[in-house]
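The structure appears right after this line, and notes come after that.
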Amino acid sequence: MRGRAIVAILMALAMAAGLGACGRGNDGSRATIGLAVANLQADFFNQIKQSVEAEAERRNVDIIVSDARGDAATQVNQIYDLIAQQVDAIIYIPAGATAASVPVKAAEREDIPVVTVDRNPPDAPGQSFIASDSVAAAEELGDWVVEQSGGQGNLAVLQGQLGTTPQVDRQTGFERALRDAPGINVIAQQPADWAQDKAYAVAQDMLQAHRDIDIFFGQADAMALGAAQALRGAGGKGDTLIVGFDGDIAGIEAVRRGTIDATMVQQTRRMGRMAVQTALDIIRGKDVPAEQLLPAELLTSDDTEQATRFLEHHP
């Protein structure tokens, strides 16, 4: 019996040691990860931040957060500050396409690994990129629009920041779906930079120029909500289809109410957890995939129970 007891004690000590080392850097010290966020005013990025912080706490890792508030130049300076603080890794969500590669190159010069989330500079990608498979998800959303509209109608597109990874991928995927629907005509298309207030103004202008818009595609839920707001001011939504993308809290609530008709729900919190795990793997010298793409789930206004489940436990 004494032998079994000793073995049990040794196993418990080994497990405890493993947990204690969970957030250790290469030199055995507690790891510190910088989290450079594009804009914490957006619920999508806030959810990632909350998930990163929760996972870091669970793994005994320190997190330093910076918020670029949507400004690329500000974010470059913030990355330099993280480098000066000698963080062990950086989780990076670029604030835009302009100068997005500068922080990655600067960190790499100091041998600090970068994990990119949601957006990935094409000329200086992160060591691992974590995001939704936005091309496949946008194509699925487009297929649903084609089905609901009978393949007919006039479409207006509210685009995100031009050139950013999600904007390009969502445009590509949605356009793939429209190849099989020549009866859907894109009669208006303009950037609204992910913002509801800007999308509202742009959608108002679109409605004044084109009274016959049948479908609005907001490349983010905030922009779909801006379109819904503009339609209310123009006399009501009526039969106009409005679809978004992201599945943030406001978007899911809007789908449940029927304010917008559908969205693609991203696994936002899972992205945050994966980003921390991937950063720690790189710190420890492990190989990581260059790209980690997650599926998104179609949510329509017909499925209010699923919307409620997402609101209670966001993926």
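Legend: translational diffusion of the stretch 186-239 by Stokes-Einstein, Rh = Kirkwood radius over C-alpha pairs, 10 °C, 1.306 mPa s; D = 148 µm²/s. A 1.4 Å probe run over the chain, with the rest of the protein chains in place, finds 45 Å² accessible per residue.
Between Pro103, Pro122, Pro113, the residue with the greatest mean-square fluctuation in the GNM of the chain (Cα pairs under 10 Å linked by springs) is Pro122. The local environment of Ser51, defined by Cβ-Cβ distances under 9 Å, has a net charge of +2 under the rule Lys, Arg +1 and Asp, Glu -1. Per-residue ellipticity at 222 nm computed for the chain from its helices equals -15000 deg cm²/dmol, with DSSP H segments shorter than 4 residues left out and the rest contributing -39,500 (n - 2.57). Here the stretch 202-315 has an Rg and Dmax of 17.7, 59 Å, counting Cα atoms alone. The largest accessible area among Arg309, Arg284, Arg69 belongs to the first residue in Arg69, Arg309, Arg284, and the rest follow in falling order (1.4 Å probe, all chains). The GNM of the chain, with springs linking C-alpha atoms under 10 angstrom apart, assigns the highest mean-square fluctuation among Gly236, Gly258, Gly173 to Gly236.
Placing +1 on the Cβ of every Lys and Arg and -1 on the Cβ of every Asp and Glu, with nothing else charged, gives the stretch 190-258 a dipole about its Cα centre of roughly 220 debye.
Looking at the chain alone, DSSP beta bridges between its own residues are antiparallel in about 10 percent of cases.
Across the alpha-carbon set of the chain, the Rg to Rh ratio works out to 1.06, Rh being the Kirkwood radius.
Residues His210, His313, sorted by accessible area with the largest first, give His313, His210 [1.4 Å probe; ligands and nucleic acids excluded]. Computed over protein heavy atoms with a 1.4 Å probe, the carbon and sulfur contribution to the accessible area of the chain reaches 47%. Charging the Cβ of each Asp and Glu at -1 and of each Lys and Arg at +1, and nothing else, the dipole of the chain about its Cα centre rounds to 1040 debye. Relative to a virtual label point 7 Å from the Cα of Arg109 in the Cα→beta-carbon direction, which members of the stretch 85-103 show backbone nitrogen distances below 11 Å? Under cut-off, by backbone N: 102-103.
For the chain, the tally of Lys pairs with Cα-Cα distances below 25 Å comes to 5, considering only residues 8 or more apart or on different chains. Averaging 1/r over every pair of different alpha carbons in the stretch 143-237 and inverting the result gives a Kirkwood radius of 13.2 Å. Just checking the listed ones, Gln41, Gln78, Gln208: in the Gaussian network model of the chain with Cα springs under 10 Å, the one fluctuating most is Gln208. In the chain, Cα pairs under 8 Å separated by at least six residues give a relative contact order of 17 percent. Within the full protein context, the accessible area of Phe129 is estimated at about 10 Å² for a probe radius of 1.4 Å.
The values are calculated or read from the model by the stated rules, or taken from the named source; none is laboratory data. Since we're looking at a predicted model, the values are computed, not measured. Note that we place each Cβ from the backbone using ideal geometry, even for glycine, and neighbour counts take in every protein chain shown. In case anyone asks, the SASA skips ligands and DNA or RNA and just uses the protein heavy atoms, side chains included. Shrake-Rupley method; radii C 1.70, N 1.55, O 1.52, S 1.80 Å.
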